[in-house]
1. How many residues does segment 1-34 hold that are in contact with a Leu (Cβ under 7 Å, 6 or more places away or on another chain) and within 16 Å of residue 103 (Cα to Cα)?
2. Filter segment 301-320 for residues that are touching a Lys or Arg at 6+ places or on another chain (Cβ under 9 Å), over 18 Å from residue 170 (Cα atoms) and not in a loop (DSSP other than H, G, I, E, B) and give the result.
3. If I filter segment 30-71 down to residues being under 27 Å from residue 161 (Cβ atoms), in a loop (DSSP other than H, G, I, E, B) and of a type in the set (D, E, K, R), which single residue comes out as farthest from the chain's Cα centre (by Cα)?
4. Which ones in segment 16-29 are loosely packed, with under 14 Cβ neighbours inside 10 Å and among the basic types (Lys, Arg)?
5. Count, please, the residues in segment 291-328 that happen to be among the hydrophobic types (A, V, I, L, M, F, W, C) and either surrounded by fewer than 17 Cβ atoms within 10 Å (Cβ to Cβ) or modelled with pLDDT under 95 (or both).
6. Looking at (1) touching a Phe, Trp or Tyr at 6+ places or on another chain (Cβ under 9 Å); (2) closer than 16 Å to residue 195 by Cα, find the lone condition where residue 292 falls short.
7. Looking at this structure, is residue 151 more than 30 Å from residue 322 (Cα to Cα), over 17 Å from the mean Cα position of the chain (by Cα) and buried (at least 18 other Cβ atoms within 10 Å of the Cβ)?
Amino acid sequence: MGRGISYRDAGVNIRVAEDALARIKRHVERTRRPEVISEIGGFGGLFRLGGLSDAVLVASTDGVGTKLRLADLLDSHDTIGQDLVNHCVNDVAVMGAEPLFFLDYFATGKLDPPRFERVVAGMALACRENGAALLGGETAEMPGFYVDGEYDIAGFIVGACERAALLRPEDAREGDVCVGVPSNGLHTNGYSLARACVAREAARSGRDPRELYRTRFDELGGVTLGDALLAVHTSYLADIRRLRASGGLRSVAHLTGGGWEGNLPRALPEGLGAHVDRRAWSVPPIFTLLQRMGEVEDREMWDTFNMGIGVVAVMDAGQVPQDALRIGVVEPARGDRRVRFD
């Protein structure tokens, strides 16, 4: 009788996974907070919660979508982990929470330890920048499920705040001012449409899409299209803290998948909408370039992308900071769409 098949024969090498874990320990350790009372490698991470009298935990989970396809195409894996963490941080920050800890899920067909380390190092960097502990995660090697070289990542974050400090949509009122915080690009949303736009331009011009991604455009300030598309998703934690310190912050919307209509109403109570002045800021050229390449209609652009505004803060009209970017006002909702543009 021949030798029986092993787990390694099936495509999973436990020793490679152990090597990968050893590679990331130093990155994880740099994110440690005093409340962390466990070491990486256990079945669960331990985090001691204290310092709040009426604590509310705020949790969120997300991924980075098909931005991963572009990162893989351009062999750019150092920033995709930052994208994931910052996206998750923003999702709890807009509810009033301070991030406490983050966990990740990394799944692939065949584990590549150096690439895995690059991704997790990006997560650790963003966790340090946001004051969150990288508490743990899961690394899944799944041969036959993913093509070799492909991977997917997801993140889970927990934040906390006093119950009285929660930012609630129901606190917004008619006449409140919408304050925009500028974005640096697409963040982690709309990449299926963005890649389709580039593919359409490549087919029209007879060029390889890879060539287009590596082309420098004057309108992008001389950077390549690929670099502009891979710009790290901004963390708006510090911006939200500053606006909150003014005393007039009611609620905040993170403009992610679904664009303006899919997100700004989430920071408003039923019956209210927003009147937004699109002339209040300049749409970054990456969006106008993509729109031209794909011949995308205006409404589709605004329903997909953030168009240059990363978060919208709803504020008391009398307490808006002098240097804030006023982009609109809260008004009664009209019709089936709650965001109205000038």
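1. 2
2. The one that is touching a Lys or Arg at 6+ places or on another chain (Cβ under 9 Å), over 18 Å from residue 170 (Cα atoms) and not in a loop (DSSP other than H, G, I, E, B): 302.
3. Filtering first and then ranking leaves 54.
4. Scanning segment 16-29 gives 25, 26.
5. 2
6. The single condition residue 292 does not satisfy is (1).
7. yes
Conditions tested, residue by residue: (1) surrounded by fewer than 20 Cβ atoms within 10 Å (Cβ to Cβ); (2) within 30 Å of residue 51 (Cβ to Cβ).
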site: 172; (1), (2): no, yes
site: 175; (1), (2): yes, no
site: 206; (1), (2): yes, no
site: 229; (1), (2): no, no
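The values are calculated or read from the model by the stated rules, or taken from the named source; none is laboratory data. Since the model is a prediction, treat every value here as computed from it, not as a measurement. With ideal geometry, Cβ positions are generated from the backbone for all residues, glycine too; neighbour counts draw on all protein chains shown.
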